[in-house]
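Notes follow the structure.
The values are calculated or read from the model by the stated rules, or taken from the named source; none is laboratory data. This one's a predicted model, so the numbers in the text were calculated from it and none came from an experiment. Heads up, the Cβs are rebuilt from the backbone with ideal geometry, glycines too, and the neighbour counts pull from every protein chain shown. These accessible areas exclude ligands, DNA and RNA; they are computed on the full protein's heavy atoms, side chains included. Shrake-Rupley method; radii C 1.70, N 1.55, O 1.52, S 1.80 Å.
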Amino acid sequence: MTPVERMPAAQARRIALAAQGFADPRPVTGVGTRQLRRLTERLAVVQIDSVNVLSRSHYLPAFSRLGPYPREVLDALANRRHDVFEYWAHEASFLPVRLHPFLRWRMAAVQQEAWGSMTRVHRERPEYVASLLERVRRDGPLRAGELQEERPNRPGSMWNWHAGKAALEYLFFTGALTATRRTAGFERVYDLPERVLPAGVLDAPTPERPDAVRELVRTASRALGVATETDLRDYFRLTPADARTAIAELADTVELLPVEVEGWGRPAWLDPAARRPRWIRARALLSPFDSLVWERPRVERIFGFRYRLEIYTPAHQRVHGYYVLPFLLGDRLVGRVDLKADRKAGILRVQAAHTEEGVDRSLVAAELGAELWLMAGWMGLDHVAVAERGDLWPELSRALAVPA
């Protein structure tokens, strides 16, 4: 039996950051397809979200790790090159195409894995679902917005789908359709997989569910570095039973090593190939949907940083703001900023800026100010403006007075 390694919390934190791509310096020359493909393979899951108050969220993880890069190159990985594909993983996500065979069990288990509106439309109107598949096969790519369907009146619902959208999503979930691209308005465009995905991927044999889940846990372990069972399970939203079985099997083959991390209070698992850097010199603003911070209990356990997404919180009840990005400096989360891209005025607006207890505010302000100028330039914005909210705004305003 493999002995349990006892690991200091700071070392576990650095391992986690390295696994997520924060131990490497940003490229000093231009970022292109090779770097972006390597990053998507490392992260395995890049979450998609429609909120665009700052930027579409899937663009931000690459900026956080690589610095300014051409967004059209990332678009091409999915829309033209098809090195990545879109599917339900952690949530709606971009994933390396090599993972397509390992998610087919989820496509086949649509009745258990998908949610009500999808399965309902298939149960109640199977002929309609089949007709949409035939329409795509005959006429080519299709958007839900092209269908003459009345949207249901369900105020406040996130998934206010009409029957046509639900039917297309059912076909997407089952793998009968895939996404060929997103429109400028972020609407998914559906097409047949054989017209979108590489033939080698589609022709690859479909693994049995236990084998597929084992590969997903293995992939999650590489992306996380060191992780609890819950962390590993959450990365691809696996069931507890599936994840526990896979973890036990990977431990038996020494593909996961048991560790006891100081202060975590629960068993953890280490990727044997994980890097163990002595220090991390990162500086990054993190999307709320970044894989480093999307599991809030893990963030609190690793960084001592309590983070909650307040988009759906009434404005008067928000503590830190609407679209709040944690700020990583070195190997710690030292603050957070509520950001908005005012594209019409050409301004990156800092609507609130807060620091964590015990940090050097002047240092944080200087580094954060430099990162905000870098982000503004990448987004084509000319100015950065700071509102008088949060404990950091006076120092940050002074730091931003001189563009970096």
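Residues in segment 14-40 that are touching a Lys or Arg at 6+ places or on another chain (Cβ under 8 Å), crowded, with 17+ Cβ neighbours inside 10 Å and part of a helix (DSSP H, G or I): R14, I15, A18, A19, L39.
Residue under question is A273, and the condition is that it be part of a helix (DSSP H, G or I) and either open to solvent by less than 20 Å² (accessible area, probe 1.4 Å) or over 18 Å from P101 (Cβ atoms) (or both); does it hold? No. Residue check: A62 meets all listed conditions (1) more than 19 Å from R182 (Cβ to Cβ); (2) not in a loop (DSSP other than H, G, I, E, B) but one, namely (1). If you go through segment 246-257 and keep only what is within 25 Å of the chain's Cα centre (by Cα) and open to solvent by 40 Å² or more (accessible area, probe 1.4 Å), you end up with just E255.
In segment 352-368 there is no residue matching the filter, namely being open to solvent by 20 Å² or more (accessible area, probe 1.4 Å), over 27 Å from A9 (Cα atoms), touching a Leu at 6+ places or on another chain (Cβ under 7 Å) and without any contact (Cβ under 8 Å) to a residue 40 or more places away in the chain. If you take the residues in segment 76-98 that are of a type outside the set (K, R) and out of contact with any strand residue (DSSP E or B) (no Cβ under 8 Å at 6 or more places or on another chain), which one is surrounded by the fewest Cβ atoms within 10 Å (Cβ to Cβ)? Checking each candidate, the answer is A76. When restricted to residues that are in contact with a Leu (Cβ under 8 Å, 6 or more places away or on another chain), part of a helix (DSSP H, G or I) and within 21 Å of P101 (Cα to Cα), segment 216-253 contains 13.
Taking each residue of segment 117-138 that is small (G, A, S) and looking for partners that are surrounded by fewer than 17 Cβ atoms within 10 Å (Cβ to Cβ) with beta-carbon atoms closer than 7 Å, six or more apart or interchain, yields S117/W159.
Quick check on my filter: what residues within segment 321-345 are more than 15 Å from S55 (Cβ to Cβ), out of contact with any helix residue (DSSP H, G or I) (no Cβ under 6 Å at 6 or more places or on another chain) and open to solvent by 10 Å² or more (accessible area, probe 1.4 Å)?
Selection gives G330, R332, R336, K344, A345.
For F173, the criteria (1) open to solvent by 60 Å² or more (accessible area, probe 1.4 Å); (2) under 16 Å from A92 (Cα atoms) hold in every case but one, which is (1).
Checking every residue in segment 51-71 against the condition of being open to solvent by less than 20 Å² (accessible area, probe 1.4 Å), among the aromatic types (F, W, Y), within 21 Å of E91 (Cα to Cα) and modelled with pLDDT of 95 or more gives at least one match.
For every residue, the table says whether it meets (1) more than 23 Å from R106 (Cβ to Cβ); (2) modelled with pLDDT under 95; (3) open to solvent by 40 Å² or more (accessible area, probe 1.4 Å); (4) aromatic (F, W, Y).
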residue: P152; (1), (2), (3), (4): yes, yes, no, no
residue: N160; (1), (2), (3), (4): yes, yes, no, no
residue: A166; (1), (2), (3), (4): no, yes, no, no
residue: A184; (1), (2), (3), (4): yes, yes, yes, no
residue: D191; (1), (2), (3), (4): no, no, no, no
residue: R195; (1), (2), (3), (4): no, no, yes, no
residue: A199; (1), (2), (3), (4): no, no, yes, no
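F236 satisfies every condition listed in (1) within 27 Å of R125 (Cβ to Cβ); (2) open to solvent by less than 50 Å² (accessible area, probe 1.4 Å) except (1).
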